[in-house]
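Worksheet: one structure, shown below.
The values are calculated or read from the model by the stated rules, or taken from the named source; none is laboratory data. Bear in mind that the values here come from a model prediction, so they are computed numbers and not experimental data. We place every Cβ from the backbone using ideal geometry, glycine too, and count neighbours over all the protein chains shown. Side chains are part of the model used for accessible areas, which takes the heavy atoms of the whole protein and leaves out ligands, DNA and RNA. Shrake-Rupley method; radii C 1.70, N 1.55, O 1.52, S 1.80 Å.
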Amino acid sequence: MSTSDYDPACLPDLLPLYYRRLFPFSQYYRWLSYGGVSKNYFQNREFSFTLKDDIYVRYQSFTTQNELEKEMQKMVPYKIDIGAVYSHRPSQHNAVKSGTFQALEKELVFDIDMTDYDDVRRCCSAADICSKCWTLMTIAIRILDRALREDFGFHHLLWVYSGRRGVHCWVCDDAARKLSVAARSAVAEYLSLVKGGEETVRKVVLSDPIHPFINHSLSVVERYFQQYAIVDQDILGSKEIKFHNSLSVSYDLHFSCVSVKSNSKKGGQYFDKEIMLQYCYPRLDVNVSKGVNHLLKSPFSVHPKTGRISVPIDLKELDTFDPFEVPTISLICEELEKPRAEEAEEDDMKDKENEQEAGERRRIRDYKRTSLAKYVKVFDRFLEAMARSRKGEMLKKSGEIEKDSVFHIHLILAFTLQMD
């Protein structure tokens, strides 16, 4: 649809409408409040805004959802980043005693950018992506999601498309948010396998025995390797792709396996697996994961260059997720203008509500009219799962307290009977 084509010059006109009628503030606030886990949890969270002409504003913080809404509608950020929960309100960081303003908690986050794969993809380079190389993001999500859940025991993972060339993961478990820098570094290093810069030819080196985590990762890579590397990237026909000069590489299409012959006597038993991992294993920006105070682009932020919304990814439909089908701000604003028959009836209800309730009702009604709706639904399901988990933990704790109370009552009764 030509009228939906995104023009960056139109962003100043589209963003006010997006923040006024489409941005899911209610769910957003619910997420970052974590059920009111502590009194100042939301108000001590740092937000940073990139405004028009690349004006960068850090240490923004808000007391309520309403305050956040009004400020975003006033400032109209081109980009939103989320930082840590601090010891004090970030907006007052200059007023507190030196050394006392500390980052306390933040989600464990991961940033995977397609530009880090430029040495192993022929279809695109730099910021460009296509359906062929997007397979690398699918593999990355499959490998990391399994490891974070099964190896580390995390449950609440929010995977988000960046809006252009990569994906982000927000691990939102209480235990993950409380991790120290050292613990975050340990998790990031555990998950990092591809090492070395541009001059390093052999970037994956396996030792015997192969770690179970690597075997799990290989089972994922093997599902995609033939189509991605052999067919789509034609690595065997490429003069640009470098292997170790002592290797002769072939691929058996019938048995779907890499065959490697080596003239080297040094550790060549896993060369086939190393090649597959070097081409397809997730490439993490570990610095993003290590720091508690590191900022990361917010879900539902708009990418200024592509106009695409940074939307949650439904892992149940991961293999069919298409970044080019993610709606642009142009499209959803256009969809918003289409008339709807039941709108007049809903507007009659506004007089019975206060201004904030009416605004929230209108916003929910509005985004459901657009292509953004299915992605907000994914976000809703994620939030519901976290809410159920919190409720379960509270019931578990209250049950333990009740058991302790009953135990102590029995002790008192037993003691009383002995005294009698």
Ignoring ligands and nucleic acids, what accessible area does Cys123 show with a 1.4 Å probe (Å², nearest 10)? 50
In the neighbourhood of Ser162 defined by beta carbon distances under 10 Å, the net charge of the other residues (Lys, Arg +1; Asp, Glu -1) is +2
Under Karplus coefficients 6.51, -1.76 and 1.60, residue-wise ³J(HN,Hα) of the range 380-390 in Hz, glycine/proline x: 4, 5, 4, 5, 5, 5, 5, 5, 4, 5, 4
Which of the trypsin sites (Lys or Arg not before Pro) found in the range 20-58 are in a DSSP loop and have at most 15 neighbouring Cβ atoms, other than their own, within 10 Å? Lys39
With a 1.4 Å probe and every protein chain left in place, tell me how much accessible area Tyr367 has, in Å² to the nearest 10. 10
Per the rule of 0.36 nm per residue minus the C-alpha distance, extending Arg381 to Met394 adds in nm 2.7 nm
If you average 1/r over all unlike Cα pairs in the range 129-234 and invert the result, what Kirkwood radius do you get in angstrom? 15.7
Given a 1.4 Å probe and every protein chain left where it sits, what share in percent of the accessible area of the range 194-239 is carbon and sulfur? 49
For the range 103-121 and the range 1-40, compute the distance between their C-alpha centroids and round to whole Å. 23
Please list, in chain and number order, the residues 5+ apart from Arg45 or on another chain whose amide H is under 5 Å from its amide H, with Hs placed from the backbone. Phe62, Tyr86
So which trypsin sites (Lys or Arg not before Pro) in the range 70-110 end up in coil per DSSP with only 16 or fewer other C-beta atoms within 10 Å? Lys97
Can you list which of the GluC sites (Glu not before Pro) found in the range 308-337 are DSSP loop residues with at most 14 other C-beta atoms within 10 Å? Glu337
I want to check the label-to-label distance for Ala127 and Thr64. Put each point 7 Å from Cα in the C-beta direction and report it in nm to one decimal. 3.9
